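Engineer: Mind having a look at this structure? Questions to follow.
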Amino acid sequence: MNALNVCISLVFVFLIFSIVVSGVQEWWAQFRSLRGKWLRLGLLRLIDDDALFVRVLRHPLVGGLYRDRKSASDPPSYIEPRNFALALAAVMLRRAAPLRALSPEAAATEPLTFDTLRSAVVALASHKSPTADSVLPILDDAKGDLAAALKGIEAWFASGMDRVTGWYKAAAQRRLFAIGLVVAAIGNVDTIALYRAFDRSPDLASQIADRAATVVRDGKIGSITAEQLQKKEFTPEQAQEMLRLAVDARIEALPLGYACLSAGADVMAHEGSGNKPADTRSTLQRCREELGARLHARSPSDWLLHALGLILTALAATLGAPYWFSALSKIVGIRGSGPKPAAGNS
């Protein structure tokens with residue numbers, strides 16, 4: 001049973017850690033407008049024509065989605081395929097007007113029909129426009145139907161955005177690992193040290209496993225429900241709340257964090273009681289001394305093992321909270337079923 005409790009305890013720690021790391025990653029993505037920047041990159045690869053690309057971004061159907069229309073620092077993270085198709089068609093009509101010997105006035109009032117759109121695309125294709133070369137087969141497949149042509153452009157755009165989603169997810173996985181490694185180092189979340197602590201103390205492993213079983217039974221951890229976990233719909237604020245809950249419920253026997261950081265709270269408690277503080281050193285000074293002591297106390301092989309433990313924790317974060325919650329539910333179910341009762345003597 002202890003081996004099962006050790007497994008549950010580790011998975012529970014990974015679940016909490018993944019929520020915190022995902023929250024930091026999501027905050028960073030919002031702060032840097034990463035989804036919008038990846039979408040812009042995908043559009044540039046899709047259109048592959050600087051003049052058309054800029055005009056499509058400035059078209060009211062697309063440019064109106066910017067949070068700050070005077071700045072390109074906050075690009076939209078999503079564009080409706082229908083809006084893109086209409087914006088591209090309108091831009092191509094305008095762009096091809098000089099090539100078709102149309103005056104600016106005539107180009108501005110020219111209606112969007114299948115014939116006018118195809119004429120514009122053919123004119124642009126004759127001038128080596130990669131976008132026109134891509135759109136022309138779509139128009140030919142529509143067989144004179146403007147609605148079908150626009151639907152085809154929408155599908156072409158959606159296919160391109162699917163590739164962007166793949167690029168973004170791959171980049172997000174790399175960010176999760178990097179952030180996970182930093183958070184693991186700051187919080188001293190060493191998988192190998194945690195395993196040893198749980199394995200040495202069956203009572204500790206049982207205590208954490210009981211908490212994990214409560215989470216599975218209640219279907220939520222903190223204010224984050226199981227449905228939010230599965231859909232990755234928890235917010236950075238909820239992840240921050242999760243971090244506070246983990247800190248508040250910290251168990252001293254767990255090899256997490258650093259003594260120099262918790263010592264600051266003890267100093268504040270002494271000051272609040274009117275007694276002379278037992279330790280007047282600054283947190284930075286205490287941490288320097290603790291790090292120096294650890295450097296001398298550990299051998300190179302110990303540090304390599306510690307680094308491996310941090311890397312394993314960071315790798316666990318890349319699997320995501322939904323994975324760990326699902327795994328936790330299954331393992332807790334095995335623990336709850338227990339061993340089969342022995343058959344009675346006849």
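All of the numbers you see were taken from the coordinates with simple rules; none came from a lab. Here the structure is a predicted model, which means the values were calculated and not measured. Glycine gets a Cβ as well: all are built from the backbone with ideal geometry, and neighbour counts include every protein chain shown.
Engineer: Quick one: length gained pulling ILE192 to GLN285 fully straight, 0.36 nm per residue minus the C-alpha distance?
Structural biologist: On the way: separation 93, 0.36 × 93 = 33.48 nm, distance 2.79 nm.
30.7 nm is the gain from fully extending ILE192 to GLN285.
Engineer: Which value in Å does the Kirkwood hydrodynamic radius of the range 5-70 take, with 1/r averaged over all unlike C-alpha pairs and then inverted? All intermediate terms of the calculation are to be shown ahead of the outcome.
Structural biologist: Working: mean 1/r = 0.0670 Å⁻¹.
About 14.9 Å, per the Kirkwood formula over Cα pairs.
Engineer: With the crude spin-label approximation of a point 7 Å out along Cα→Cβ, what separation in nm comes out for LYS232 versus TYR258?
Structural biologist: Placing both labels 7 Å beyond Cα along the Cβ direction yields 3.1 nm.
Engineer: A follow-up question, please. Roughly what would the spin-label model give for GLN30 and LYS128, points 7 Å off Cα along C-beta, in nm?
Structural biologist: 4.6
Engineer: Turning to a different aspect of this structure: By count of other Cβ within 10 Å, fewest leading, how are TRP38, TRP27 ordered?
Structural biologist: Numbers: TRP38 21, TRP27 16.
Sorted ascending by nearby Cβ count, the order is TRP27, TRP38.
Engineer: How much FRET efficiency would the formula 1/(1 + (r/R0)^6) give for ASP210 and ALA155, where r is the Cβ-Cβ distance and R0 is 41 Å, rounded to 0.05?
Structural biologist: On the way: r = 52 Å, r/R0 = 1.27.
My answer for the efficiency is 0.20.
Engineer: If you don't mind, another one. From the cross-link list LYS143/LYS169; LYS37/LYS231; LYS37/LYS143, which pairs have alpha carbons spaced over 32 Å apart?
Structural biologist: On the way: LYS143/LYS169 37 Å; LYS37/LYS231 23 Å; LYS37/LYS143 35 Å.
Pairs exceeding 32 Å: LYS143/LYS169; LYS37/LYS143.
Engineer: Kindly state, to the nearest 0.05, the FRET efficiency for ARG200 paired with ASP48, given R0 = 56 Å and r defined as their beta-carbon distance. Can you show the working numbers first?
Structural biologist: Values: r = 60 Å, r/R0 = 1.08.
E(calc), rounded to 0.05, equals 0.40.
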